[in-house]
Ligand code: SF4
């Protein structure tokens, strides 16, 4: 699946790209070295990325998103 596809990140209550999700998760936990940012608390506690990785989250293409189509949130 294209990394530019957009999904709804529930923990952060925000629309973001799949690539964004991987990048945020690659951030260091806790104190980060100069110049890098630590992982967000939401990502540390996240249970949702497993579904992101398995391509089980609803997504829309970047184009669709820009044109106003929003991906559905995962049911709770
Ligand atoms: S790891 Fe979880 S909280 Fe962080 S961006 Fe991905 S889905 Fe959202």
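Taking first residues from the stretch 47-62 that are within 12 Å of residue 11 (Cβ to Cβ) and partners that are in a loop (DSSP other than H, G, I, E, B) and at pLDDT 95 or above, the Cβ contacts under 7 Å between residues at least 6 apart in sequence or on separate chains come to 48/10; 48/11; 51/57.
In the stretch 21-34, the residues that are at pLDDT 85 or above form Cβ pairs under 6 Å with partners that are assigned to a helix (DSSP H, G or I) and surrounded by 12 or more Cβ atoms within 10 Å (Cβ to Cβ), at six or more places apart or across chains, as follows: 21/52; 24/43; 25/43.
Going through (1) out of contact with any helix residue (DSSP H, G or I) (no Cβ under 8 Å at 6 or more places or on another chain); (2) more than 10 Å from the ligand (Cβ to nearest atom) one by one, residue 6 falls short only on (1).
Residues to consider are 37, 12; find the one that is part of a loop (DSSP other than H, G, I, E, B), free of Cβ contacts under 8 Å to residues at least 60 places away in the same chain and surrounded by fewer than 17 Cβ atoms within 10 Å (Cβ to Cβ). Write out each step before concluding.
Values: 12 fails: surrounded by fewer than 17 Cβ atoms within 10 Å (Cβ to Cβ).
Testing whether each residue is part of a loop (DSSP other than H, G, I, E, B), free of Cβ contacts under 8 Å to residues at least 60 places away in the same chain and surrounded by fewer than 17 Cβ atoms within 10 Å (Cβ to Cβ) leaves just 37.
The values are calculated or read from the model by the stated rules, or taken from the named source; none is laboratory data. For clarity, every value in this text was computed on a predicted model and none was experimentally measured. Cβ sites come from the backbone with ideal geometry, for glycine too, and all protein chains shown count toward neighbours.
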